[in-house]
């Protein structure tokens, strides 16, 4: 088992790796898939990820004047939706992978919304912002890739203003064992092959599938959000629990 300089390990998919190594490995995955990331999301989820992101916005209820921080914001999907609903708001898209941000800035929405958008390379576990800066914090399909999830949640709490809100959209666990097995069959057999066919990268999508299975279930993750200091924590299952939205408030 690999260890970092402090002897700490974490998981990279189903492999145990040194904590110090994970961020670079995740960076490699998303650098490899950046140019095909959006189309692969559509193919893997049959477009349902768009419905899930709309559900996030429905629960978030964007308002003019709010400042959004979208962490692991990649190609800007969530930020574009936020500004589309609240044209008088502003959004900062932060991602550790510069090539993902570059792909996002190529999209038509990026030029249309340029005055309201910032694109920043940064780490979810060490955000480059002052305390009490943002009204809303979102992270979609990114929290499971963070080396130390509690550190990322603590940083979310720190940069949110009092009265600020966190919403996490992430793949989760189906409550029915039979349905979970069917979903796993699809995930492990189909998605890596799609990755090879569309993005020319089977290994990265094998990791993504494994990382989904390693992520905590809904109740466990809700407890982690509470431990970070958030209150009124709740969640909503999407597509029977294939994904879930988690919400918490900095009171």
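Readers should treat all values here as calculations from the given coordinates under stated rules, not as data from a laboratory. Predicted, not measured: the structure shown is a model, and the values here were computed from it. Neighbour counts run over all protein chains shown; Cβ positions are idealised from the backbone, glycine included.
Working note: Cα atoms of segment 62-151, range along each principal axis, descending, whole Å: 34, 28, 20. Legend: ranking of residues 116, 181 from fewest to most surrounding C-beta atoms inside 10 Å; resulting order 181, 116. Segment 132-167 and segment 181-251 have Cα centres separated by 16 Å.
Geometric descriptor of segment 122-228, per residue, is 109 Å³ (volume of the convex hull of the Cα atoms). When the alpha-carbon atoms of segment 115-180 are used, the pair Rg, Dmax equals 14.4, 48 angstrom.
In a Debye calculation with equal point scatterers on the alpha-carbon sites of segment 148-211 and no solvent, what is log10 I(q)/I(0) at q = 0.11, 0.12, 0.28 Å⁻¹? Log10 I(q)/I(0), no solvent term: -0.45, -0.52, -1.11.
Sorting 239-247, 135-143, 104-112 by average packing, meaning the other beta carbons within 10 Å per residue, from highest down gives 135-143, 239-247, 104-112.
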